[in-house]
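Right, one structure below, let's go through it.
The values are calculated or read from the model by the stated rules, or taken from the named source; none is laboratory data. Keep in mind that this is a model prediction, so the values were computed, not measured. Counting neighbours? That spans all protein chains shown, and the Cβs are built from the backbone with ideal geometry, glycine included. For accessibility, only protein heavy atoms count, side chains too; no ligands or nucleic acids. Shrake-Rupley method; radii C 1.70, N 1.55, O 1.52, S 1.80 Å.
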Amino acid sequence: MKVSEVMSRPAVSVPAGTLLGQVAREMAGYEVGSVLVTEGGTLRGIVTDRDLAVRAVARGWDADERVDSVMTSPVITVDVTDDIHVAYRTFRRSGFRRLPVLDGHRIVGVLTVDDMLIDVFQRLADLLGPIAWSVLDEPPEPPSANTGPSGT
């Protein structure tokens, strides 16, 4: 399975000079936890809701600070054609919860830990679905009154 089959799209991005107040409004408006920061169409960084809270609000910064003052850079990314197992390893090694997805240098989406969990749950459902239905179709019989616990 490829990253492109699991990722969230489209990615929300803002120019590097965007003010933090606008970034927070973008996150709220699109209901996302991160925004990619670009300059001339090139990915320069990522800012998360946690960055806004820990790096900006906790330091007493206001909404008029620029996003590039709190963004994480350089950004660890995955390629749209990468196998999903590459993404699992990248998440594990980086400790990040969101990875921008690139097609060459073009941003095409964001892969999140939540996306990966949905994939895992879907795989479990695919695996366990037939087993669960067989149990539901043939519920276990109650012990017979004529036999003891050993079946005799």
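Brief remarks on what is shown
- Positions within region 50-90 being touching a helix residue (DSSP H, G or I) at 6+ places or on another chain (Cβ under 6 Å) and of a type in the set (D, E, K, R), in sequence order: Glu65, Asp82
- Looking across Pro74, Pro100, one residue alone is open to solvent by 90 Å² or more (accessible area, probe 1.4 Å), of a type outside the set (Asp, Glu) and either at pLDDT 85 or above or closer than 22 Å to Leu36 by Cβ (or both). It is Pro74.
- Ala56 being over 21 Å from Val120 (Cβ atoms) and aliphatic (A, V, I, L, M): yes
- Filtering region 12-28 to residues that are open to solvent by 60 Å² or more (accessible area, probe 1.4 Å) and either in contact with a Cys (Cβ under 8 Å, 6 or more places away or on another chain) or in a helix (DSSP H, G or I) (or both) leaves Gln22, Arg25, Ala28.
- Identity of the residue in region 44-71, in contact (Cβ under 8 Å) with a residue 24 or more places away in the chain and open to solvent by less than 30 Å² (accessible area, probe 1.4 Å), that ends up nearest to the chain's Cα centre (by Cα): Thr48
- Residues of region 77-97 satisfying the condition of being open to solvent by 40 Å² or more (accessible area, probe 1.4 Å) and in a helix (DSSP H, G or I): His85, Val86, Tyr88, Arg89, Arg92, Arg93
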